[in-house]
Amino acid sequence: MTPYFNYQQDYLFVEDVSLKDIAERFGTPCYVYSRAALTDGYRQFAEAFRSREHLICYAVKANSSLAILNLFAKLGAGFDIVSGGELQRVLAAGGSANKVVFSGVGKSEAEMRAALEAGILCFNVESAPELDRLNAVAGSMGKVAPISLRVNPDVDAKTHPYISTGLKQNKFGVAYTEALAIYRKAAGMAHIKITGMDCHIGSQLTETSPFIAAAEKVLVLVDKLAVEGVVLEHLDLGGGLGIRYDDETPPSISEYAKALLTALHGRSEKLIVEPGRVLVGNAGVLLTRIEYLKHGEEKNFAIVDAAMNDLMRPALYDAYHAILPLQKKFVTSHSYEVVGPICETGDFIGRGREMPVEQGDVLAVMSAGAYGMSMSSNYNTRPRAAEVMVDHAQTHVIREREKVSQLFAAEKILS
Ligand code: LLP
């Protein structure tokens, strides 16, 4: 638990507010974020990299709530986006286009145009054909596109295979062995300006060594380019720092920064990092009410009102999230499968959780701030959850609970 979520007497609090009060006021399922935890995470990052010129480009995909983007923008953040939609969100939230890097393997012409129009800092190009397209789109607009090539360093991030991105067999980036040739090609393009090099090897990393291995490989290429007269302004080492969900022991932000800074010692390029999870993951929880306790022949089920559409990580990656009752009670404890109402066996939030709970109790699914709401869906025509931001003793709704009517408002029945 972070210092921002803890029990006071028998009730679980976020900052100065009891989560039980939030559940009663705003209903469940409901995402709740701590403004102090978000602010603190960002400040720790900025502090850790203070000794060199840097830009923290928050990875919008981790949690794209406008209120959260706005908070980070006010703290000075840039943004790592992967779609035209995320660009619009960043701009709507008050982010600056000139602090935006645009990653992703499938950028469309329209997305490129919008990003050039806005004047983003850099396109993190992921293939040779993408470079051709970008050159053509920029040319048709009479503009020059600033680029970095995302190099795939072929380093094992030692994380879940679905969120490992820096291996040869992954779809991301250009092959390490082809990068120089593509840079040479880019150097000859009229509407491309080479400004950097980037890599991102995966997410939820719990060791520093893969980051360092990737940085070292990337630096070899940077030096080879310099020999050819292509001098880069920035190095973007991606995101990926893990958090504690259960018993993981990821490096702290300052240990991570120290490792990167050591690897970059004596170099003059500006450093860009793209943290997502580490800035938001432990700053948010998902509140969910127990609809029924069902004691089966083999297993006991706590059937809750949140489901895989609200928090997909357990179903998708078998990910672990701690689940805590909002009120400590002295009732008999049982081991429960915490499951949602969706008609899929994979619809679970937690397995085999020992909890002293009763029907109607509310639970907090912890560490749900990253890749929770942003990966939610409307499967089973379930409106998405409300989102609330707590700031000391104040509570703000930052997203209203969706209404079913909104879910099919764009649909048509044939005559
Ligand atoms: N930069 C790029 C280019 C990325 O693809 C990602 C995440 C990040 C930065 C941010 O990584 P972070 O600091 O959050 O690890 N849905 C998965 C995680 C997918 C991550 C995708 N890329 C999950 O719930 O664990």
Go through Glu126, Glu178, Glu130 for me and flag whichever is charged (D, E, K, R) and within 29 Å of Arg313 (Cα to Cα).
Glu126
Among the residues of segment 255-272, is any in the same structural domain as Glu207 (by TED's automatic domain parsing), within 10 Å of the ligand (Cβ to nearest atom) and assigned to a loop (DSSP other than H, G, I, E, B)?
no
Please specify each residue of segment 113-171 satisfying the condition of being among the small types (Gly, Ala, Ser) and at pLDDT below 95.
Ala157, Ser164, Gly166
Restricting attention to segment 373-393, which residues are within 16 Å of the ligand (Cβ to nearest atom) and touching a helix residue (DSSP H, G or I) at 6+ places or on another chain (Cβ under 7 Å)?
Ser374
Take the residues of segment 47-84 that are away from the ligand (no atom under 16 Å from the Cβ) and of a type in the set (Asp, Glu): which is farthest from Lys258 (Cα to Cα)?
Glu53
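Within the bounds of segment 295-308, is there any residue that is in a strand (DSSP E or B), at pLDDT below 95 and surrounded by fewer than 16 Cβ atoms within 10 Å (Cβ to Cβ)?
yes
Being surrounded by 13 or more Cβ atoms within 10 Å (Cβ to Cβ), among the β-branched types (Val, Ile, Thr) and either at pLDDT below 95 or not assigned by TED's automatic domain parsing to the domain that holds Gly372 (or both) is true for just one of Val230, Val220. Which residue is that?
On the way: Val220 fails: surrounded by 13 or more Cβ atoms within 10 Å (Cβ to Cβ).
Only one candidate passes the filter, namely Val230.
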Out of Ala73, Ala67, I need the residue that is in contact (Cβ under 8 Å) with a residue 40 or more places away in the chain, outside the structural domain of Arg399 (by TED's automatic domain parsing), aliphatic (A, V, I, L, M) and surrounded by 16 or more Cβ atoms within 10 Å (Cβ to Cβ). Which one?
Ala67
Restricting attention to segment 47-62, and to residues there that are in contact with a strand residue (DSSP E or B) (Cβ under 7 Å, 6 or more places away or on another chain) and surrounded by 16 or more Cβ atoms within 10 Å (Cβ to Cβ), which single residue is farthest from Met112 (Cα to Cα)?
Phe49
Quick one: which residue in Leu316, Leu363, Leu414, Leu324 is touching a Ser or Thr at 6+ places or on another chain (Cβ under 6 Å) and either exposed (fewer than 14 other Cβ atoms within 10 Å of the Cβ) or outside any loop (DSSP other than H, G, I, E, B) (or both)?
Leu363
Quick check on this structure: which one of Leu121, Leu91, Leu116, Leu87 is more than 16 Å from the ligand (Cβ to nearest atom) and either surrounded by 20 or more Cβ atoms within 10 Å (Cβ to Cβ) or basic (Lys, Arg) (or both)?
Leu116
Of the numbered conditions (1) of a type outside the set (Phe, Trp, Tyr); (2) in the same structural domain as Glu233 (by TED's automatic domain parsing); (3) in contact with a Gly (Cβ under 6 Å, 6 or more places away or on another chain), Ala118 satisfies every one except a single condition; which is it?
(3)
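A quick yes/no check of all residues on (1) within 14 Å of Leu287 (Cβ to Cβ); (2) at pLDDT below 95; (3) more than 26 Å from the chain's Cα centre (by Cα):
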{"residue": "Ile323", "(1), (2), (3)": "yes, no, no"}
{"residue": "Arg351", "(1), (2), (3)": "no, no, no"}
{"residue": "Gly360", "(1), (2), (3)": "yes, no, yes"}
{"residue": "His396", "(1), (2), (3)": "no, no, no"}
Might you let me know whether segment 135-158 holds any residue that is away from the ligand (no atom under 15 Å from the Cβ), under 21 Å from the mean Cα position of the chain (by Cα) and surrounded by fewer than 22 Cβ atoms within 10 Å (Cβ to Cβ)?
yes
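The values are calculated or read from the model by the stated rules, or taken from the named source; none is laboratory data. Everything quoted here is computed from the prediction, not taken from an experiment. Cβ sites come from the backbone with ideal geometry, for glycine too, and all protein chains shown count toward neighbours.
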